[in-house]
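Okay, so here's the structure we're looking at.
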């Protein structure tokens, strides 16, 4: 299987950008959200219930922003194709036109939206079965209107904190392979119950102490993974 960049390179195919442009209000909303996540404003160390509630609202907001972004992308597809047909009129003589969309794996709802509009579509993942990180799983469940229980949410929270503390090291150890990282992290965190995660979180009073505290408490997961 070829990656999109390999399929595009030197193909002489017309290319169009249908994603949200940099100056669009949605981009500003996404950047504000990312800033809050990086600034750890949602984490209230020592108060697990408050952090869970803030984290839940944050991921629900992420799902809302992704939905807005996908609706924009969908709205731009036909106008951009029409513009390319005007720019390359020889394409109109072809019986069928294939369109390659390069999307992140979290955007599978676009696939379903296109099918509903009677487009003939197929989707390809770079690896099957594809393993989603816990955080992505939560966001996707919100996107599709599905419920998220406390155990899944607490594991997503632990995953975010684990990546914050050890992400760079893990990225290097796994050869910058996001799938290997997701698989390892899920195996590690899945060993813990909701109560164990709650107790672990409440044992750390501030983020500076969290990495070493997290490492000590995740020994159980390391042993089972």
Distance between the C-alpha centers of the stretch 135-210 and the stretch 64-89? Whole Å please.
34 Å
Hey, what did the stretch 58-159 get for relative contact order, percent, Cα under 8 Å, at least 6 apart?
35 percent
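Would you mind calculating the relative contact order of the stretch 4-116 from Cα pairs under 8 angstrom and at least 6 residues apart, reporting the percent as a whole number?
Across the stretch 4-116, relative contact order equals 32 percent.
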Neighbour-count order for 44, 176, fewest beta carbons within 10 angstrom listed first:
176, 44
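Each reported figure results from applying straightforward, stated rules to the coordinates on display, with no laboratory input. Source: prediction; values computed, not measured. Here Cβ is always computed from backbone atoms with ideal geometry, including for glycine, and neighbour counts include all displayed protein chains.
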